[in-house]
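> Mind having a look at this structure? Questions to follow.
The values are calculated or read from the model by the stated rules, or taken from the named source; none is laboratory data. Values in this document were obtained by computation on a predicted structure and should not be read as measured data. Ideal geometry is used to build each Cβ from the backbone, glycine not excepted, and the neighbour counts take in all protein chains shown.
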Amino acid sequence: MSNLAEQERYYAYEEFLAMEYDGKRYEYIDGEIYAMAMPSATHGRISGELFRQLANFLRGKTCKVYQSSLDVKLNIFNKIIGVVPDILVLCDKSKIKNDKFIDGAPDFIIEILSFSNSEVTKHDTDTKLKWYRVAGVKEYWIVNHILKTVQVYILENGKYIFNSYSDDDMIPVHTLEGCEINLAEVFHDITVEEDVINQNIINALRASGVNLSDEQVEKAVKILESEE
């Protein structure tokens, strides 16, 4: 994640929402605007399958799922943070303001890691993890397509309780009673070969800050190095 070049002044959140970005994604942190990594084809396929399963479950229900279509405004430590989650579930429709953004924490957020940029990867696994916890996001998932794992964080008494799932698991969605996500479908036909594999990706994995065992990291690095 990088600050927009030549930014010389403070931007109000309303200005950020009104800007034209030519299809690119940006986030807002206390008056400054940051460029996000462009999603890959693999990212899009994973996001689409997660959205499909959630949308099917939520059909006819109060809670709704959104796919990178709404900005989220969070007030954290007296700062305004504007993020664009890959997928979110919102159960309180009153938080949607002017059909443009969500004012307050969604119930459930999913971010899909981009390994093309170590700074962006760490933003999802470290910075956003802290923001979402403080803001009161009840459930946060971090999807890692290289390891085919999902890191799940459930908010309990102001702290996140962590669990990890792999590609042959069914994940219960804590915030949606009775909902389960089939990871075999999410990662179906997803291969590392589809992405550009280089040393930057390996470095991003090592610096990601995701709660992975040494064995998982070693496995991922070997996979990536074998593709070089």
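> Being surrounded by 14 or more Cβ atoms within 10 Å (Cβ to Cβ) and under 18 Å from G82 (Cβ atoms) narrows it down to one residue among R25, R52; which is it?
One residue alone meets the criteria, R25.
> Kindly evaluate L113 against the criterion of being within 21 Å of E49 (Cα to Cα) and surrounded by 21 or more Cβ atoms within 10 Å (Cβ to Cβ).
Judged against the criteria, L113 is a match.
> Let me ask something additional. Have a look at I161, I171, I181 and point out the one that is surrounded by fewer than 16 Cβ atoms within 10 Å (Cβ to Cβ), modelled with pLDDT of 95 or more and either of a type in the set (A, V, I, L, M) or within 28 Å of F57 (Cβ to Cβ) (or both).
Answer to the selection: I161.
So that you can scan it fast, the table gives a plain yes or no per residue for (1) in contact with a helix residue (DSSP H, G or I) (Cβ under 8 Å, 6 or more places away or on another chain); (2) within 21 Å of G44 (Cα to Cα); (3) hydroxyl-bearing (S, T, Y):
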| site | (1), (2), (3) |
| --- | --- |
| D124 | no, yes, no |
| T127 | no, no, yes |
| L147 | yes, yes, no |
| I161 | no, no, no |
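> What tally of residues in region 123-147 results from selecting those that are part of a loop (DSSP other than H, G, I, E, B) and surrounded by 20 or more Cβ atoms within 10 Å (Cβ to Cβ)?
Adding up the residues that qualify gives 4.
> Y153 versus (1) at positive phi; (2) buried (at least 16 other Cβ atoms within 10 Å of the Cβ): which is the lone unmet condition?
(1)
> Can you name the residue in region 84-107 that is among the β-branched types (V, I, T) and part of a strand (DSSP E or B) and is also surrounded by the fewest Cβ atoms within 10 Å (Cβ to Cβ) among such residues?
I96
> Which members of region 12-33 meet the condition of being at pLDDT 85 or above and within 23 Å of D124 (Cα to Cα)?
Y13, F16, L17, Y26, E27, Y28, I29, D30, G31, E32, I33
> Being under 21 Å from E185 (Cα atoms) and part of a strand (DSSP E or B) is true for just one of I33, I110, I81. Which residue is that?
After ruling out the rest, the residue left standing is I110.
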